[in-house]
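For reference, the structure discussed in these notes is given below.
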Amino acid sequence: MNTQLEDIVSLAKRRGFIFQGSEVYGGLAGTWDYGPLGVTLKRNIINLWWRIFVESRDDMYGVDAAILMNPKVWQASGHVDTFTDPLVECSECKGRFRADKIDTSKCPTCGKAGTFGEPRQFNMMFKTNVGPVEDENSVAYLRPETAQGIFTNYKNIVDTLYPDLPFGVAQVGKAFRNEISPRDFIFRSREFEQMEIEYFVHPDKWQESFDALLADIHAILESLGLPKDKIHELDVPENDRAHYSKRTIDIEFDFPIGREELLGLAYRTDFDLSNIQRVSGKNIEYTVKGTNEKFIPHVIEPSFGVERMVMAVLSSAYREDEINGEKRIYLALPEHLAPVKYAVSPLLKNKPELVAKAREVYECLKKKHRAVMWDDNGNIGKRYRRQDEIGTPYCVVIDFDSFEDDTVTVRNRDTTQQTRTSITDLLS
Ligand code: GAP
């Protein structure tokens, strides 16, 4: 189905997934707030990623580094000098744009032609000051990628856990970029989250780890319910690659806004660790256990953007159909990602005996699945529609027959089929 971005944005707001940041004050461009359902969906995605890439493997370690880092990090990494986008300004309306994203022959805001000069490079890092004195010695940056918090801890991990190569270090956390033109809902934001791995390898063996991680990436995208035919690999040509990369494969996805980057897999060589060694003056070499072989490991980096995962999951799950002549919208989320797994209601909310029995079933289901919602608002039809829109796979209704035979109605989100199920089976 040809899902429009507006459909996703509207559902996300209507049902409490994602709101404009600071909306009550008119918003703040490029920032988004996750509501009760959005935060759970996002956590389910992050937790799945962490389970697959970290917990279920013996070669991965987790870290959670500080967002504020010594500014030398960003000098050594090349971000101070090269983390830029080309910026143009309209001499007529003073509008500022990313030169590579617009047709610069005419201003997209005021429509005047020939008002742009030569682009200048705009550094996307947010600057701040650490401590009470605001001068050049107190300058710090909000991290534009989580990766550097991994590189700066590489030696700590080697010295405390003595891992054999190859091994990876993973981190999930916020990143900040002062994007010239944040756009397309959460796709390009100024504050977002990344899930990154730096996988340290012997320099001669980078290719096999690159290929293995590429296969792991495809496996997790399948677990997230993203259709294979919407996923594409782009081998990024040299002149489009980041300054640190010798090879990059971008995984692109057919979003409602078109085919765009979902995540990247980059071969960063020893660029970062060598820079840390050079700028810090500390030896960062790895010694192969039981030998005198020493070298600076090379790095393969799978870098996922959480917001883009959320957007891909939402747009893949969005469905419209017709039930009894009425349009229905639902999210066909994989069960393990759905923020609510079961919604439980009494058929009528003004019948205390029904409510009491429904509460009993609700409490037991909640103990078992946690993500269970009590929903007695409006009539049953309205409850089903609401639960369909938030992607709840099952709605459980307790009615008068439940007293006779200890059964309930379980309604399936995707098929809308209702089946009588014994409470014992439901809770087993
Ligand atoms: N450490 C490597 C790195 O940060 P990147 O290609 O700049 O590489 C990695 O970013 C991923 O982070 C992207 O593939 C995307 O999913 C996400 N990302 C980057 N900028 C973003 C933004 N402004 N808003 C939302 N997600 C973003």
### Message
Can you tell me, using C-alpha contacts under 8 Å and at least 6 residues apart, the relative contact order of the chain as a whole percent?
### Response
13
### Summary
Taking the dipole of segment 210-332 about the Cα centre (Lys, Arg +1; Asp, Glu -1; charges at Cβ), the one of I323, L263, A242 that reaches farthest to the positive side is A242
### Message
Run the helix sum for the chain: -39,500 (n - 2.57) per DSSP H stretch of 4+ residues, divided by residue count, reported at 222 nm to the nearest 500 deg cm²/dmol.
### Response
-8500 deg cm²/dmol
### Dimensionless Rg ratio for the chain, taking C-alpha atoms and the 2.2 N^0.38 Å reference
1.16
### Query
Looking at segment 280-336, what % of the alpha carbon pairs are farther apart than 18 Å?
66
### Query
Across bins of 10 angstrom width beginning at 0, how are the C-alpha pair distances of segment 306-428 distributed, in whole percent?
13, 44, 31, 11, 1
### Selected from T409, L87, N292, residue furthest toward positive end of dipole (the chain; charges at beta carbon)
T409
## Note on the structure
Taking Cα atoms only, helix 380-390 is inclined relative to the longest principal axis of the chain by an angle, in degrees rounded to 10, of 10
### Task
Report Rg(Cα)/(2.2 N^0.38 Å) for segment 95-134, keeping two decimals.
1.75
### With Cα atoms, 0 to 90° folded angle of helix 352-369 axis to the chain main axis
30
### Query
Once the other residues with Cβ under 11 Å from the Cβ of Q277 are scored (Lys, Arg +1; Asp, Glu -1), what is the net sum?
0
### Query
Karplus couplings for segment 80-89 from phi (6.51 cos²θ - 1.76 cosθ + 1.60, θ = phi - 60°), rounded to Hz, Gly and Pro as x?
4, 8, 10, 7, 10, 10, x, 10, 10, 10
### Message
Quick check on segment 22-79: take the gyration tensor over C-alpha atoms, sort the square-rooted eigenvalues as a ≥ b ≥ c, and tell me if it's rounded (a/c under 1.5), prolate or oblate.
### Response
oblate
### Message
Based on the alpha-carbon set only, what is the convex hull volume of segment 228-281 divided per residue, in Å³?
### Response
93
#### Entry: Nearest-10 value in Å² for the accessible area of D184, using the 1.4 Å probe
40
### Task
Take the Cα atoms of segment 135-290, build their convex hull, and give its volume per residue in Å³.
164
### Point-charge dipole on Cβ atoms (K/R +1, D/E -1) for the chain, about Cα centre, debye to 20
1040
### segment 128-173, relative contact order [Cα under 8 Å, separation at least 6], %
31
### Per-residue HN-Hα couplings for segment 323-333 [Karplus 6.51, -1.76, 1.60; θ = phi - 60°; Hz; x = Gly/Pro]
10, 6, x, 10, 5, 10, 10, 8, 10, 7, 6
## Note on the structure
For the chain, dividing by residue count, accessible area per residue (probe 1.4 Å) in Å² works out to 48
## Note on the structure
Within segment 312-414, DSSP-loop GluC sites (Glu not before Pro) with at most 16 other C-beta atoms within 10 Å are E335
### Query
Which are the unpartnered cysteines of the chain, meaning those with no other cysteine Cβ under 4.7 Å from their Cβ?
C364, C395
### Query
Quick one: what do you get for segment 1-116 if you divide its Cα Rg by 2.2 N^0.38 Å?
1.55
### Message
Which one, L226, L347, L331, has the greatest fluctuation when you compute a Gaussian network model over the chain with C-alpha springs under 10 angstrom?
### Response
L347
### Query
In the chain, what percent of the accessible surface is made up of carbon and sulfur (1.4 Å probe, ligands and nucleic acids excluded)?
48
### Message
Quick check on segment 130-194: take the gyration tensor over C-alpha atoms, sort the square-rooted eigenvalues as a ≥ b ≥ c, and tell me if it's rounded (a/c under 1.5), prolate or oblate.
### Response
oblate
### Task
Kindly identify segment 381-423 as rounded, prolate or oblate by the Cα gyration tensor criterion: order the square roots of the eigenvalues as a ≥ b ≥ c, call it rounded if a/c is under 1.5, otherwise compare a/b with b/c, prolate if a/b is larger, else oblate.
prolate
### Summary
The answer for the longest stretch of the chain without any exposed trypsin sites (Lys or Arg not before Pro) (DSSP loop, at most 11 further Cβ atoms within 10 Å) is 95-281
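The values are calculated or read from the model by the stated rules, or taken from the named source; none is laboratory data. These numbers were taken from a predicted model, which means no experiment stands behind them. Neighbour counts are summed over all protein chains in view; Cβ atoms, including those assigned to glycine, are modelled from backbone coordinates with ideal geometry. Remember, those area values only see protein heavy atoms, side chains included, never the ligands or the DNA or RNA. Shrake-Rupley method; radii C 1.70, N 1.55, O 1.52, S 1.80 Å.
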